[in-house]
Amino acid sequence: MFAMKTRLFISRYGLFFVGVILVGTMVFLALLAPWICSYGPNALDVNAILLPPGSDHLLGTDALGRDVFARLVYGARVSLWVGFVAVGISASIGLVLGLVAGYFGGLVDEIIMRCVDVMLCFPSFFLILAVIAFLEPSLTNIMIVIGLTSWMGVARLVRAETLSLKERDFVKAARISGASIVRILGMHILPNALTPVLGSATLGIAAAILTESALSFLGLGVQPPVPSWGNILMEGKDVMEIAPWLSVFPGMCILLTVLGYNLLGETLRDLLDPRLKQR
Amino acid sequence: MIFPFFKHILVKILWLGVVFIGITVLSFWVIHLAPGSPTDLQTTLNPMAGEAARARLEKLYGLDKPVHVQYLNWMSRIVRLDFGRSMSGDHRPVWDKIKERLPLTLGLNIMAMFLILGISIPIGVISAYYQGGWFDRISTVIVFVGFAMPGFWLALLLMLFLGIAYPLFPISGLTSLGFATLSWWDKLCDLANHLALPLLVYTITGLAGMSRFMRSSMLEVLRQDYILTAKAKGLPTRTVIFHHGLRNGLLPVITLLGLSVPGLIGGSVIIESIFALPGLGQLFYQGVMSRDYPLIMGNLVLGAVLTLAGNMLADFGYSLADPRIRAGK
């Protein structure tokens, strides 16, 4: 009986916990970075150039003698921060537009949803690249641009949710009792529409981290010497033949973090979906 | 009745025109709004050039006019396929530059698409049919990892293992030295050799999403009543899966193919830069680095057109494949 329960538990929540562990580890490392690393992320050491992984430098050193482990841990700060802020921006835009489109319907809805269609048709990586090249490539700009080009999914979700919520009795009651539109949207509809957004936003964090690392890899993202997983990979590419660890470990970090967020997002979406729960 | 079908297509084409205008307005506006001008490279960075030279350059490129006038001028040239001349480097017409690079990028992506479909459809069908079985579990794990895999890192790893540690394939460029002297067969082999790694990267990164999608689409179909009916009629499993199941399961895949075009175009920027392939992505990257307005806009427009063409084809394919839409319902 107990064994069966455990199995059911694992099959239902197993992937969720793998995601929690992966993301948790990265958050933990990023938060405690100064206490974990014995070297600073930008501490140069001319006597330790391109050392392979060993006891002194856990994951080796780069072409300037900087400790790769320290750079990766500080890089985690950048990646996680980009993910959070970019999704914060895109989720806010998506929520507002979705609420407005769903609640007011008609022409407003039509215009907003057609904008969503246009944005979905857009080769957004092209646009991001072009914009970043004209602005100074910086952490802030990257977060804003990623946020501005990825709100469409949330907007669609929230709109669909709002469409059904606005017909519910508690919303009608609020309307009849004279609540303002802002109050109806913010206090009555928004909290109920948030659940499906959670899973989608978590997946969005993963996508944002991937985009940031790709931009940094192309030299259009986070600028050296600030470490980011993408730009460590970029610097490692030139010395790939003699120092493969510079190309392997940062990618592993990206893979594990994105995997963690994807698992979290997918399982959250399933767990929070009442239609799937009843089955 | 064939009429509703044509009406459907006509409405679609009109809508695509609207989307096209939306995309170009947005790109034009964003790029012109951003600080920094394409003349910076020739003026601010050049101590010999003064304010007068800058003004002259801006006049030459039409940058002194208001943005909407610039847009209308630009648009009237675009419809005649005149993308203007590149502002940096060789100053050749943008359209020529795009034309010579289009075949490589398109060819690679189409080949990758066929490979992806060829591999992911069987994976999806088998996983769905034996849901929860060992094949399904293993492929789910692989799919999750593949989904999280950054394409450029995969490219680096493949270069590291198949290019450097076990040098099976060349790691950069499109052709070897002395390509022109080879016979046509050797030329073909040389090309294939150079394209093997990029193709592998495209295929592996695209595989995860597609097989996952195929699996869920198939699961949905296998749950339908007509599958039960087919089984109850005593049809062989093969007929049930391929004739009744797969044909319906493939419908959403057509739409997904259309939607995946922007991702492919974006991805080629990275892959082509890594493997030093002279394709569109690399051209765009160069344009971005040198702030070449006409080149960037030309690429964005082309990207938009390809995306819309993808959507259009998908929609058309969908209507052909789905009799309900064909009948205009």
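The values are calculated or read from the model by the stated rules, or taken from the named source; none is laboratory data. Note that the structure is predicted; figures quoted are calculated from it, not measured. Cβ atoms come from the backbone with ideal geometry, glycine included; neighbour counts cover every protein chain shown.
Considering A:GLU235, A:GLU212, which residue is more than 8 Å from chain B (Cβ to nearest Cβ) and either free of Cβ contacts under 8 Å to residues at least 24 places away in the same chain or over 16 Å from A:GLY83 (Cα atoms) (or both)? Break it down into steps so the answer makes sense when it comes.
Numbers: A:GLU212 fails: either free of Cβ contacts under 8 Å to residues at least 24 places away in the same chain or over 16 Å from A:GLY83 (Cα atoms) (or both).
From the options A:GLU235, A:GLU212, the qualifying one is A:GLU235.
Does A:GLU235 qualify as being buried (at least 19 other Cβ atoms within 10 Å of the Cβ) and under 14 Å from the mean Cα position of the chain (by Cα)?
Details: buried (at least 19 other Cβ atoms within 10 Å of the Cβ): yes; under 14 Å from the mean Cα position of the chain (by Cα): no.
Criteria not met by A:GLU235.
Answer yes or no: is there a residue in the range B:192-210 that is free of Cβ contacts under 8 Å to residues at least 24 places away in the same chain, surrounded by 13 or more Cβ atoms within 10 Å (Cβ to Cβ) and not acidic (Asp, Glu). Before you say what the answer is, go through the steps one by one.
First, the residues of the range B:192-210 that are free of Cβ contacts under 8 Å to residues at least 24 places away in the same chain: B:192.
Those left that are additionally surrounded by 13 or more Cβ atoms within 10 Å (Cβ to Cβ): none.
Checking the range B:192-210: not a single residue is free of Cβ contacts under 8 Å to residues at least 24 places away in the same chain, surrounded by 13 or more Cβ atoms within 10 Å (Cβ to Cβ) and not acidic (Asp, Glu).
Just to be sure before I move on: is A:LEU246 under 23 Å from B:GLY146 (Cβ atoms) and within 14 Å of another protein chain (Cβ to nearest Cβ) in the structure I sent? Explain how you work it out, then say what you get.
Values: under 23 Å from B:GLY146 (Cβ atoms): no; within 14 Å of another protein chain (Cβ to nearest Cβ): yes.
The answer is no for A:LEU246.
Taking the residues in the range A:35-63 that are surrounded by fewer than 19 Cβ atoms within 10 Å (Cβ to Cβ), touching a helix residue (DSSP H, G or I) at 6+ places or on another chain (Cβ under 9 Å) and not aliphatic (A, V, I, L, M) as candidates, determine which candidate is farthest from A:TYR74 (Cα to Cα).
My answer is A:PRO52.
Among the residues of the range A:111-132, is there at least one that is in contact with a Phe, Trp or Tyr (Cβ under 8 Å, 6 or more places away or on another chain) and more than 14 Å from chain B (Cβ to nearest Cβ)?
No, there is no match, as no residue in the range A:111-132 is in contact with a Phe, Trp or Tyr (Cβ under 8 Å, 6 or more places away or on another chain) and more than 14 Å from chain B (Cβ to nearest Cβ).
When you check A:LEU58 against the structure, is it more than 14 Å from chain B (Cβ to nearest Cβ), not aromatic (Phe, Trp, Tyr) and not in a helix (DSSP H, G or I), yes or no? Before you say what the answer is, go through the steps one by one.
Details: more than 14 Å from chain B (Cβ to nearest Cβ): yes; not aromatic (Phe, Trp, Tyr): yes; not in a helix (DSSP H, G or I): yes.
For A:LEU58, the condition - more than 14 Å from chain B (Cβ to nearest Cβ), not aromatic (Phe, Trp, Tyr) and not in a helix (DSSP H, G or I) - is met.
Collect the residues in the range B:165-223 that are among the small types (Gly, Ala, Ser) and over 30 Å from B:TYR130 (Cβ atoms), keeping them in residue-number order.
Taking the range B:165-223 as the starting set, the residues that turn out to be among the small types (Gly, Ala, Ser) are B:165, B:172-173, B:176, B:178, B:180, B:183, B:192, B:196, B:206, B:208-209, B:211, B:216-217.
Within the range B:165-223, B:ALA165, B:SER172, B:GLY173, B:SER176, B:GLY178, B:ALA180, B:SER183, B:ALA192, B:ALA196 meet the criteria.
Does B:THR140 fit the bill of being closer than 28 Å to B:ASN248 by Cβ, out of contact with any Lys or Arg (no Cβ under 9 Å at 6 or more places or on another chain) and within 14 Å of chain A (Cβ to nearest Cβ)?
Numbers: closer than 28 Å to B:ASN248 by Cβ: yes; out of contact with any Lys or Arg (no Cβ under 9 Å at 6 or more places or on another chain): no; within 14 Å of chain A (Cβ to nearest Cβ): yes.
Taking the combined requirement at face value, the residue does not satisfy it.
Got a sec? Which helices (runs of 4 or more DSSP H) wholly within the range B:270-329 have at least 1 residues that are within 11 Å of another protein chain (Cβ to nearest Cβ) and either crowded, with 24+ Cβ neighbours inside 10 Å or at pLDDT below 85 (or both)?
Working: elements: B:280-289, B:293-321, B:323-326.
Those helices (runs of 4 or more DSSP H) span B:280-289, B:293-321.
Among the helices (runs of 4 or more DSSP H) contained in the range A:188-279, which hold 1 or more residues that are more than 30 Å from A:ALA160 (Cα to Cα) and touching a Cys at 6+ places or on another chain (Cβ under 7 Å)? Let's see the steps before the verdict.
Numbers: elements: A:190-217, A:229-237, A:245-272, A:274-277.
In the range A:188-279, A:229-237 are the helices (runs of 4 or more DSSP H) which contain 1 or more residues that are more than 30 Å from A:ALA160 (Cα to Cα) and touching a Cys at 6+ places or on another chain (Cβ under 7 Å).
Here is a yes/no grid of residues against (1) part of a loop (DSSP other than H, G, I, E, B); (2) touching a strand residue (DSSP E or B) at 6+ places or on another chain (Cβ under 9 Å); (3) within 14 Å of chain B (Cβ to nearest Cβ); (4) farther than 23 Å from A:VAL100 by Cβ:
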| position | (1), (2), (3), (4) |
| --- | --- |
| A:PRO137 | yes, no, yes, yes |
| A:ILE144 | no, no, yes, no |
| A:ARG156 | no, no, yes, no |
| A:ARG175 | no, no, no, no |
| A:GLY178 | yes, no, no, no |
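Got at least one residue in the range B:232-252 being at pLDDT 90 or above, away from chain A (no Cβ under 14 Å), in a helix (DSSP H, G or I) and surrounded by fewer than 23 Cβ atoms within 10 Å (Cβ to Cβ)?
yes
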